[in-house]
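Asks: Got a structure for you, written out below as structure tokens; questions coming shortly.
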Amino acid sequence: MTRKIDILDTTLRDGEQSPGCSMNTQEKVIVARELLRLGVDVIEAGFPVSSPGDFRAVSEIGSVVGDQAIVAAFSRAVDADIEAAADALKTAARPRIITGIGVSPVHMAEKLHMSEDEVVDCTAHAVAHAKELVDDVEFYAEDAGRADSDFLVRVVQAVVDAGATVVNIPDTTGYCLPDEYGALVRKVIEGVRGIENVKVAVHAHNDLGLATALTLAGVHNGATQVECTINGLGERAGNTALEEIVMAIRMHGEVLDAHTDIVTSEITRASRLVSRVTGMSVQANKAIVGANAFAHSSGIHQDGVLKARATYEIIDPAEVGASGSELILSSRSGHAALRHRLQELGYTFNDKDFESVYERFLEIADQKKEVYDEDLESIVQERQRDIEAIYTLNALQIQCGDPLVPTAVATITDAAGVKHVVSTTGTGPVDAAYKAIDKVVGIESELQEFAVKAITRGIDAIGEVTVRITAQDGRVYNGRGADNDIIVSSAKAYINAINRMIQAQQRSRA
Ligand code: MN
């Protein structure tokens, strides 16, 4: 039997830190449930001291997860952070506090203004303090990739002596070459007394496009926990992508002496879900989960794949749940069929909520006859988002064409339940719709990006619009909307981004 590699997913902490990807508690719980279906070993749920919203999300996830996975909370090596993490984790059956500090010369000199001795004392104190509050304590040596390796061994020795159960050697800035990083991990494993009783974790960023390679080098050199995110979401160029590292380990398990317990057939769904919830789309040529990951267009390749799939495809799309959506429901499908399929997709509702999902399903089924899984997921996520919506689009009527002046009439309900009916003109239909929304909301923001794509097949496909807006304080928010009518999708996406902006502003004030 090969070594079991634990998967720590940090989509909800490191991933959520990417610009525009902030999620509210409800959205984080949706993602956490999907992580459970994937079978991750550890869910890093947030950074409790950073905001009341993050604290709430960690404790909510703790109660949802139960004993199905370890729930971890992030902290700096500061007593107040560690105590907030412990408090937020009170709901968790298997809590873990993650704490740590910068160990590279630049972090110690420029950020912390601490000497090596002070850093060692601080880490030992932080781990010992966390250990008084929970049994499972993970230490991270921030920016280990650029640290002096002898000093790194000394720091890790101190935290192992203080009782750490997991030691993470991250390449926080994605700076290393894979061989160099692998050697660093090996040096720690060979140089620290008692390390055989703790798990060694690797955590890499993708600044040079090497995150997966770095993580593999760590596994090859003895690490038994991998830290990653769905779609490689994360600070700057992102973290190691869960789908990439899991499939690489699966494909080369013998050489690496490694396996994971991830249910790989959930990978595609997890990717789509995270993309929808965060509004962050996945590039078409992304490994494993991109729209083109299993597409063959050259004649030579197509001919080969038709003769034998293995000629040009190393992964069977079915292995990652990408075997194409099945045609499943139509307007003749009743309540029971819909409820059953939703359950298979992992969604359950009370009767009242189910009724509203069913009504929306019938509308879609009337418009497009064939309803795919992607359509159902888009309905469900739209519903789940509505619950916390501040502004809701009730109706939108557009007049456009040549030589008409594009005009939008929008009905929008605000948080207080007041209906606003506004009419505006614009340079095009989307511009007119956005101006109508701006008129009701009355908050300035700047539209940075606007993209439309079809998420299902055929001319009657649901069109998905993603937008990116910048608020006056410079923060970025993503929004997503889906509908058969792309102008309606556009308006929904814009309102979604505005709702996220307002929610984030409320959370930071709370
Ligand atoms: Mn990180």
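The values are calculated or read from the model by the stated rules, or taken from the named source; none is laboratory data. Source: prediction; values computed, not measured. No Cβ is skipped: glycine too gets one built from the backbone with ideal geometry, and neighbour counts run over all protein chains shown. These accessible areas exclude ligands, DNA and RNA; they are computed on the full protein's heavy atoms, side chains included. Shrake-Rupley method; radii C 1.70, N 1.55, O 1.52, S 1.80 Å.
Asks: Could you tally the net charge around residue 451, taking each other residue with its Cβ under 12 Å from the Cβ of residue 451, Lys/Arg +1 and Asp/Glu -1?
Replies: Once all neighbours under 12 Å are counted, the net charge is +1.
Asks: Mind ordering 164-177, 23-36, 98-111, 333-346 by average Cβ neighbours within 10 Å, highest first?
Replies: Ranked by mean Cβ neighbours within 10 Å, highest first: 164-177, 23-36, 98-111, 333-346.
Asks: Tell me, what is a quarter of the convex hull surface for the C-alpha atoms of the range 389-509, in nm² with one decimal?
Replies: 7.8 nm²
Asks: Taking 2.2 N^0.38 Å as the expected size of a compact globular protein, what ratio does the Cα radius of gyration of the range 3-278 give against it, to two decimals?
Replies: For the range 3-278, the normalised Cα radius of gyration comes out at 0.91.
Asks: Let me ask something else about it. My understanding is that a pair violates if its Cα-Cα distance is over 22 Å; which of 435/492; 131/199; 28/90; 90/111; 307/453 do that in this structure?
Replies: As for pairs spanning more than 22 Å Cα to Cα, those are 90/111; 307/453.
Asks: For the range 271-388, how big is Rg over Rh, using alpha carbon atoms and the Kirkwood form of Rh?
Replies: Value, to two decimals: 1.06.
Asks: Around residue 286, what is the net charge, scoring Lys/Arg as +1 and Asp/Glu as -1 over all other residues with Cβ under 10 Å from its Cβ?
Replies: Net of charged neighbours comes to -2.
Asks: So for the chain, averaging the separation of alpha carbon pairs under 8 Å that are six or more residues apart and normalising by length, what relative contact order in percent results?
Replies: Reported relative contact order: 11 percent.
Asks: On full extension of the chain, what length is gained from residue 298 through residue 484, given 0.36 nm per residue of separation minus the C-alpha to C-alpha distance?
Replies: 63.8 nm
Asks: What shape does the range 335-385 have by the C-alpha gyration tensor, where a ≥ b ≥ c are the square roots of the eigenvalues, rounded means a/c under 1.5, and otherwise prolate means a/b greater than b/c and oblate the rest?
Replies: Rounded is the answer for the range 335-385, as its axis ratio a/c remains below 1.5.
Asks: As an exercise, use a Förster radius of 25 Å and the Cβ-Cβ distance of residue 400 and residue 421 to find the FRET efficiency, rounded to the nearest 0.05.
Replies: After rounding to 0.05, the efficiency reads 0.85.
Asks: Quick check on the chain: what are the equivalent-ellipsoid semi-axes from the Cα gyration tensor, as sqrt(5λ), descending, whole Å?
Replies: With the √(5λ) rule applied to the chain, the semi-axes are 42, 28, 21 Å.
Asks: Find the centroid of the Cα atoms in the range 478-502 and in the range 386-451, then give the distance between the two in whole Å.
Replies: One Cα centre to the other: 10 Å.
Asks: Over the heavy atoms of residue 47, what accessible area does a 1.4 Å probe trace out, to the nearest 10 Å²?
Replies: 40 Å²
Asks: Oh, and also: Mind checking which aspartates and glutamates have their Cα closer than 14 Å to the Cα of residue 439? Skip sequence neighbours fewer than 8 apart in that chain.
Replies: 414, 431
Asks: Based on the Cβ-Cβ distance of residue 2 and residue 208, what FRET efficiency does E = 1/(1 + (r/R0)^6) give at R0 = 30 Å, to the nearest 0.05?
Replies: My answer for the efficiency is 0.55.
Asks: Go through 500-506, 253-259 and give me the packing order, highest mean Cβ count within 10 Å leading.
Replies: 500-506, 253-259
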